[in-house]
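Q: Can you keep this structure in mind? I'll have questions shortly.
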Amino acid sequence: MSDNKSFLSPISKIKGLGSAKEGSHHWLMQRITAIAILALIIPFACHFADSKILTYEYALEFMKKPFVALGGILLYIAAFYHGALGIRVIIEDYIHKKCIKMAMLIASQLLCFAGAATGVFAILSIYFKG
Amino acid sequence: MLCNEVFQKIPLHFSSLRLLYSNMLIMVDITMSENNPVELRERPLSPHLSIYKPQITSVMSIMHRLTGICLLLGLFLDVAFVFALVCGEETFNSMVAFINSFFGKLIVTGFVFSLYYHLCNGIRHLFWDTGKGLELPCVRKSGILVLVISITLSIITLISFYS
C-alpha cells in the first residue's frame, strides 16, 4: 500500500485512466500544419479572388497546372490533418458520455482522412486523366 | 447529510431536538439515496455562461474554434467542388449553380470570413506560443487588429469575387 509511489491508483491504471502521453505531439503537429497551411494557402487565396474559377474550362485548365496540382495536394493533406487534430480537441472538450465520444472521435478522424483522400484523388485524376 | 446551518442553530441543551432533527434528515437522506444513488442526484450548478460578461478575449477565443469548425466543413465542400470537376461538366455546372444561389453565396461569405479570421487569429496564437504579447492590454489591441484585418481582407476578396 505505502510503497505505491505513483499518483495513479492501481485500479485507475487497469482502467487505462490518466495521461495518454500524446498531448505535446498533438500541440506541436497543430502548429506545424498551421505553418504549412499558411505557406500554401496564400497563392491559392490570391488566385481564387476572381470568379473565373466557376467556369468549367478555366477550372480544368487551372487544376492541370503542375504547381497548382502539387500545391493543392499538399494543402489538402495539411488542412485535413490540422482539421482532424482540431475537431478531436473539440469533441473531447464538449462530449462527456464515453460511447458517444468514442464514436464521434472515430467518425471524425475517418471522415477527415476520407476527405483528404478524395481531394488528392480528384486532383490527381484531373491532372493525369483530364 | 446533516444540514449544518440548521443543526448549529438548535442550542446544545435542546439535545433531544437535535437528535430528532438529525433522525429526520437521516430518514430523508435514506429515502433519497434509495431512489437516486449518489452519482445520479440532481445537484444545482452555479450560473456561468448566462451571467459572465462577454469580452473581446473570450469572444475571440470561441470564434477561433467556431471558424475552425466552419473551415473544416467548407473544406469538405471544396473537395466536393474539385470532385465535381472530375465527374464531368453537368455535375460541375450544378455545383456552380448551387454556389451562385443565395444559400451558396451565404456559405461562401461565411467561409471567406472564417478563413481570414482563423488565419489572422492563428498567427496571433503563434505569437503567443513564443511568449510574446501575452499581457492583457496587448491581447486586446492585437485582437482588434486581427478583427480589422480579417474583415478588410474578406470584404476585398468578396468584392473581387462577386464582380
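The values are calculated or read from the model by the stated rules, or taken from the named source; none is laboratory data. Keep in mind the model is a prediction, meaning the values are calculated, not measured. Here the Cβ positions follow ideal geometry from the backbone for every residue, glycine too, while neighbour counts run over all protein chains shown.
Q: Would you check if there is a residue in region B:104-111 being touching a helix residue (DSSP H, G or I) at 6+ places or on another chain (Cβ under 6 Å), crowded, with 18+ Cβ neighbours inside 10 Å and of a type outside the set (D, E, K, R)?
A: Checked region B:104-111: at least one residue is touching a helix residue (DSSP H, G or I) at 6+ places or on another chain (Cβ under 6 Å), crowded, with 18+ Cβ neighbours inside 10 Å and of a type outside the set (D, E, K, R).
Q: Which residues, taken from region A:10-33, are at positive phi and either surrounded by 11 or more Cβ atoms within 10 Å (Cβ to Cβ) or in contact with a strand residue (DSSP E or B) (Cβ under 9 Å, 6 or more places away or on another chain) (or both)?
A: Initially, region A:10-33 is screened for residues at positive phi, giving A:16, A:18, A:21.
A:18, the sole residue that qualifies.
Q: Out of the residues in region B:148-157 that are under 10 Å from residue B:113 (Cα atoms) and in contact with a helix residue (DSSP H, G or I) (Cβ under 8 Å, 6 or more places away or on another chain), which is surrounded by the fewest Cβ atoms within 10 Å (Cβ to Cβ)?
A: B:151
Q: On the given criteria, is residue B:126 within 13 Å of another protein chain (Cβ to nearest Cβ) and either at pLDDT below 95 or in a helix (DSSP H, G or I) (or both)?
A: Details: within 13 Å of another protein chain (Cβ to nearest Cβ): yes; either at pLDDT below 95 or in a helix (DSSP H, G or I) (or both): yes.
Spelling it out, residue B:126 is indeed within 13 Å of another protein chain (Cβ to nearest Cβ) and either at pLDDT below 95 or in a helix (DSSP H, G or I) (or both).
Q: So if I check each of A:7, A:62, A:44, A:48, which one is at pLDDT below 95 and more than 13 Å from chain B (Cβ to nearest Cβ)? Working first, answer last.
A: On the way: A:62 fails: more than 13 Å from chain B (Cβ to nearest Cβ); A:44 fails: more than 13 Å from chain B (Cβ to nearest Cβ); A:48 fails: more than 13 Å from chain B (Cβ to nearest Cβ).
Result: A:7 is the single residue among A:7, A:62, A:44, A:48 that is at pLDDT below 95 and more than 13 Å from chain B (Cβ to nearest Cβ).
Q: Identify the single condition in (1) more than 12 Å from every other protein chain (Cβ to nearest Cβ); (2) within 20 Å of the chain's Cα centre (by Cα) that residue B:115 does not satisfy, given that it satisfies every other one.
A: (1)
Q: Could you please tell me which pairs satisfy a Cβ distance under 7 Å, a separation of 6+ or placement on different chains, a first residue in region B:133-144 that is without any contact (Cβ under 8 Å) to a residue 60 or more places away in the chain, and a second residue that is among the polar types (S, T, N, Q) and surrounded by 10 or more Cβ atoms within 10 Å (Cβ to Cβ)?
A: So the pair list comes out as B:133/B:142.
Q: With the requirement that a residue be hydrophobic (A, V, I, L, M, F, W, C) and facing chain A (nearest Cβ under 7 Å), what does region B:72-93 give you? Step through it out loud before you land on a result.
A: Initially, region B:72-93 is screened for residues hydrophobic (A, V, I, L, M, F, W, C), giving B:72-73, B:75-77, B:79-87, B:92.
If the condition is that a residue be hydrophobic (A, V, I, L, M, F, W, C) and facing chain A (nearest Cβ under 7 Å), then B:72, B:75, B:76, B:79, B:82, B:83, B:85, B:86, B:92 are the ones that fit.
Q: Output the number of residues of region B:129-144 satisfying the condition of being in a helix (DSSP H, G or I) and farther than 27 Å from residue B:106 by Cβ. Step through it out loud before you land on a result.
A: Taking region B:129-144 and keeping what is in a helix (DSSP H, G or I), we get B:129, B:136-144.
Next cut, farther than 27 Å from residue B:106 by Cβ only: B:129, B:136-142.
Of the residues in region B:129-144, 8 are in a helix (DSSP H, G or I) and farther than 27 Å from residue B:106 by Cβ.
Q: Kindly indicate whether any position in region A:108-127 is more than 30 Å from residue B:63 (Cβ to Cβ), over 20 Å from the mean Cα position of the chain (by Cα) and facing another protein chain (nearest Cβ under 10 Å).
A: Yes, there is a match, as at least one residue in region A:108-127 is more than 30 Å from residue B:63 (Cβ to Cβ), over 20 Å from the mean Cα position of the chain (by Cα) and facing another protein chain (nearest Cβ under 10 Å).
Q: Quick check on residue A:83: is it more than 30 Å from residue B:130 (Cβ to Cβ), under 14 Å from the mean Cα position of the chain (by Cα) and within 8 Å of chain B (Cβ to nearest Cβ)? Even if it seems obvious, please write down each step before you answer.
A: Details: more than 30 Å from residue B:130 (Cβ to Cβ): no; under 14 Å from the mean Cα position of the chain (by Cα): yes; within 8 Å of chain B (Cβ to nearest Cβ): yes.
No; evaluated as a whole, the condition is false for this residue.
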